[in-house]
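For reference, the structure discussed in these notes is given below.
Read-outs throughout are calculated quantities, based only on the coordinates presented, and are distinct from any laboratory measurement. The structure presented is a predicted model; accordingly, all values stated were derived computationally and were not measured. Cβ coordinates were reconstructed from backbone atoms using ideal geometry, including for glycine residues, and neighbour counts include every protein chain displayed.
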Amino acid sequence: MVFSVFIGFVIVFLLLCIVKVCFQTIRMVRQNREKRLDLNQRLLDQELKGQVISEKNLYLNDFNQILFGRFFEINKELIQLYKMLL
Amino acid sequence: MNRLLCIVVFLIFNFVGFSQDANKIIDSLKQVLSNHPSDSLKIKAYGDLCWYYRNVSIDSAFHYGNLALQYSKNTGNKQGESQAYNDLGILYYDISNFKKSISYYKKAMSFRENHQDSMGMASIHNKLGIAYQRIFKMDSAIYYATNALKIYEAKKHTKYAAIIKNNIANIYQDLKQYQKALDTHLEVSEIYSKLNDFEGLTYSYTNIGNAYLYLGDTLQTLNYYNKGIEIAESQNLLRELSTLYNNLGSVFKGQKKYVEAIENYNKSLSLRTKLNDDYGVSSAAINIGSLHMSKGEFNLAEERLRYGLELAKKVQAKELEMNAYGSFLSYYAYKKNTDSVIRYQNLYNAIQDTIFNERITKEVLEVREKYDAAEREKEIQSQRADLAIKELNINQKNTQIIGLVILILVLSLLGYLLYKQQKLKNQQLQKESELKEALVKIETQNKLQEQRLTISRDLHDNIGAQLTFIISSIDNLQYGFKITNDKLNKKLAGISEFTKETIYELRDTIWAMNKSEISLEDLQGRISNFIDKAGVSSNAVSFSFEVDNEVPKDFNFSSVKGMNIYRIIQEAINNAVKYSQADEIKVRIQKLSDGLGVFVHDNGKGFDGDIVEKGNGIDNMKKRAEEIGAHFSIESHLGKGTSVVLQIKSNS
């Protein structure tokens, strides 16, 4: 009888543990999902930012090349001017 | 089946009377056997001989009964075997060997059960009930009697059901449950009444009267005896009538109504004399004798007593002999005949001892039977208690086992859930770390790109500074040294102008790079400034710039996209100013179904696209349009001007 009662208590305790584990799992999944959503969002933001920076970089590099070309032209003119002055 | 009925009736009503016919039948059966009949006929003949010898010679009955059983076993005749067991069971009952009788009845029952012979089984059940009653196993007696009753009731054999009920009533009477016995007898009487079975009804009334007598209600006793007498007289049932008169006499004797008692005893006596019932006659005569004694009619008493004693000795009825001797004692005592008194005293004592011994033996047997029955009952109860305890233990163990199994299942479930939880946690941590890794990677890349951008900007700014220095140096040259050489002046002005243009472009680029987004308003402002400067430098051309009202004010572009759009418009206007010889250049921004449209139209000379070689400017515009995912087209007809169209999709 005592043994049966003891077993009964143990079973009830274990069932409560199962319930606790279930709730813990649900909470963990929820928290993790929020974290991942946040990380995904940050990732997206960073990707967007990276994209913008890359675009700017490309453009700037392009333009710098044009500017260098122009600068080179100006240098040429200056050299001609210098020759004219001489 | 008819023979079974006869057995039942004989057992219940103790009916004798066919002994003379029996001898004739026995002879004819022996005749049959001498003719070498078939096996089945032989078995039947043996069985019949057993039956008919029953009231003639019990030993012969056993002999033929055993022959029938043996022959049936040898020939495999199960029916014959069952019948033989039944007949032998009856014989053992007759010699009061009730246990053997029961055992043989049970052997006969198995065949009848297998063949679903319900009537046969009912008969066996009834006989078993009677036999168990004789060994005081009343619960078994009632059990079997009830089984027989159920079968007869199911088969609607009302009469046989009444007989069984009568037996059950007798069992209740033996158990001294007189009220139950009375109730059952009353039920039986109703059945006989419905069946108009007067003989049965008479017996029933007799039994009811007896039951009331046990219950002490003599009025009802007399009532029912009188009812029985009425029917017996009308139906000429002499035996039943004699019994009723005798019983009535006993009741009156008990009430000390001697006249009525003697009258009824005399009636019983005369009927029993007619029926040759010596025992009954002896009983009645002795009763009458003792009644005469009570009334002081000693001569009459002596005559009756002698007659009764003679018959009692003839039928070996020891109790009746004892009663007679007892009455004679009183008679000779009255007569003061001492010798006779002593003689009859001795006779009385002797027979009393005999009866007493017989009675003691019988009672001892009965007590022993009762004791054995009680012991068996006790043992059964004890076994039942043991079984109940064992069952309880088994139940407890079962409960414990079930509890342990549930515990193991729950533990397994818990373990599994914990494992899954841990696994899920690991997976999620892994995904999280992957995401974090990707984030770190992309952040690192972005930092790298930002660093590159910073370097590019520094370079860009550096160029700007140098260009500014060049302009200021040239201005200083121009204003500081008063140069008169036109060619030189033109050269210097050209260089200064070129450098300024470069700086303007630089500033535009800086403006775009510094903004993360360029609104339509910003772009509008920038284009307006450019158009104003272009107007100043090309005062023969009129410029107009319109933005449709439908274009949303909050339209935004990324910095690169905005820059590219500006550059395309800039290049288109520059081309129009340089090559079209137009006097009107219109710039319009309008809303399209899928985005925005930028139109730069001049009313210049136009060009033939197939002939004229397109320069780098148009290619640059196309390239810029492709970079921002917009559609670029240029339409020109000779003499009709040129239109440059840029279609910017809203999701590009």
Kirkwood-Stokes translational diffusion coefficient of region B:233-314, alpha-carbon pairs, 37 °C, 0.692 mPa s, µm²/s: 265
Whole-Å distance, taken between Cα centres, linking region B:294-335 and region B:98-169: 43
The exposure ranking of B:SER558, B:SER382, fewest beta-carbon neighbours within 10 Å first, is B:SER382, B:SER558
Helix B:238-254 against the longest principal axis of chain B: what's the angle in degrees, Cα atoms only, rounded to the nearest 10? 80
Give B:LYS176/B:LYS256; B:LYS155/B:LYS180; A:LYS56/A:LYS76; B:LYS42/B:LYS73; A:LYS76/B:LYS622; B:LYS159/B:LYS274 a once-over and call out the pairs whose C-alpha atoms are over 21 Å from each other. B:LYS176/B:LYS256; B:LYS155/B:LYS180; A:LYS56/A:LYS76; A:LYS76/B:LYS622; B:LYS159/B:LYS274
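With an 8 Å cut-off on Cα pairs and a minimum separation of 6 or more residues, tell me the relative contact order of region B:90-162 in percent.
Over region B:90-162, the number comes to 25 percent.
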First obtain the Kirkwood hydrodynamic radius of region B:460-510 from its Cα pairs, then insert it into the Stokes-Einstein equation at 25 °C and 0.890 mPa s, and state the resulting D in µm² per second as a whole number. 216
5 angstrom amide H check on B:SER558, placed H, neighbours 5+ away: B:ILE518
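Using only the Cα atoms of region B:188-244, build the gyration tensor, take square roots of its eigenvalues as a ≥ b ≥ c, and label the shape rounded, prolate or oblate: rounded if a/c is under 1.5, else prolate if a/b is larger than b/c, else oblate.
oblate
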What residues have an amide H closer than 5 Å to that of B:GLY595, excluding those fewer than 5 places away on the same chain, when H is modeled at 1.01 Å from N in the peptide plane? B:SER650
With angles folded into 0 to 90 degrees, how steeply does helix B:2-13 sit against the dominant principal axis of chain B? Use alpha carbons for both and round to 10. 70
Semi-axes of the equivalent ellipsoid for region B:1-175, Cα gyration tensor, largest first, Å: 28, 17, 15
Chain B, relative contact order in percent, only Cα pairs under 8 angstrom and at least six apart counted: 4
Please give the calculated 222 nm ellipticity per residue for chain B, where each DSSP H segment of at least 4 residues contributes -39500 (n - 2.57) and the sum is spread over every residue; nearest 500 deg cm²/dmol? -27000 deg cm²/dmol
Using alpha-carbon positions, what is the distance between the centroids of region B:413-448 and region B:453-508, in Å? 57
Pairing the Cα long axis of helix B:19-34 with the longest principal axis of chain B, what angle in degrees results, from 0 to 90 and rounded to the nearest 10? 70
By the Kirkwood definition, with r running over pairs of different Cα atoms, region B:524-649 has a hydrodynamic radius in Å of 14.8
Scoring region B:1-175 by relative contact order with C-alpha pairs under 8 Å, at least six apart, yields a percentage of 14
What would the Debye formula give as log10 I(q)/I(0) at q = 0.22 Å⁻¹ for the alpha-carbon point model of region B:449-568, no solvent? -1.24
Loop-located trypsin sites (Lys or Arg not before Pro) in region B:246-297 whose Cβ has at most 16 other Cβ within 10 Å (DSSP): B:LYS256, B:LYS257
If unit charges are put on Cβ atoms (+1 for Lys and Arg, -1 for Asp and Glu) and the dipole of the protein assembly as shown is taken about its Cα centre, the option from B:LEU592, B:LEU448, A:VAL52 lying farthest towards the positive end turns out to be B:LEU448
Under 5 Å between amide H atoms, partner at least 5 residues away or on a different chain: which partners does B:LYS137 have, H built in plane at 1.01 Å? none
Quick check: residue separation of B:GLN70 and B:SER519 times 0.36 nm, minus the Cα distance between them. What number comes out in nm? 148.9 nm
What list do you get for B:ARG457, B:ARG624, A:ARG27 if you sort them by fewest beta carbons within 10 Å? A:ARG27, B:ARG457, B:ARG624
What distance in nm lies between label points placed 7 Å from Cα along the C-beta direction at B:ASN236 and B:ASN357? 4.8
Where N is the number of residues in the protein assembly as shown, Cα Rg divided by 2.2 N^0.38 Å: 2.57
Report the far tail of the P(r) of region B:80-175, meaning the percent of Cα-Cα pairs longer than 17 Å. 46
Shape call for chain B, from the Cα gyration tensor axes a ≥ b ≥ c (a/c under 1.5 means rounded, otherwise prolate when a/b beats b/c, else oblate), comes out prolate
Once Lys and Arg get +1 and Asp and Glu get -1 on their Cβ, which of B:ALA45, B:MET563, B:ASN349 lies farthest toward the positive end of the dipole of the protein assembly as shown? B:ASN349
What net charge do the residues around B:ASP508 carry, taking every other residue with its C-beta under 9 Å from that of B:ASP508, with Lys and Arg at +1 and Asp and Glu at -1? +2
Burial ordering of B:HIS36, B:HIS631, fewest other beta-carbon atoms within 10 Å first: B:HIS36, B:HIS631
Under the 0.36 nm per residue contour assumption, what length would be gained going from the current alpha-carbon distance of B:ASN223 and B:LYS335 to full extension? 36.3 nm
With θ taken as phi - 60° and the coefficients 6.51, -1.76 and 1.60, list the Karplus ³J(HN,Hα) couplings across region B:88-97 in order, rounded to whole Hz; mark glycine and proline as x. 5, x, 5, 5, 5, 5, 4, 8, 6, 8
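Given N residues in chain A, what is its alpha carbon radius of gyration divided by 2.2 N^0.38 Å?
Working: Rg = 36.2 Å, N = 86, 2.2 N^0.38 = 12.0 Å.
Compared with the compact-globule rule of thumb, chain A sits at 3.03.
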For the pair B:SER110 and B:ALA350, the simple spin-label estimate (label points 7 Å beyond Cα toward Cβ) gives in nm 5.2
Applied in sequence order to region A:66-76, the curve 6.51 cos²θ - 1.76 cosθ + 1.60 (Karplus, θ = phi - 60°) yields integer Hz couplings, x standing for Gly and Pro, of 4, 4, 4, x, 5, 4, 5, 4, 4, 4, 4
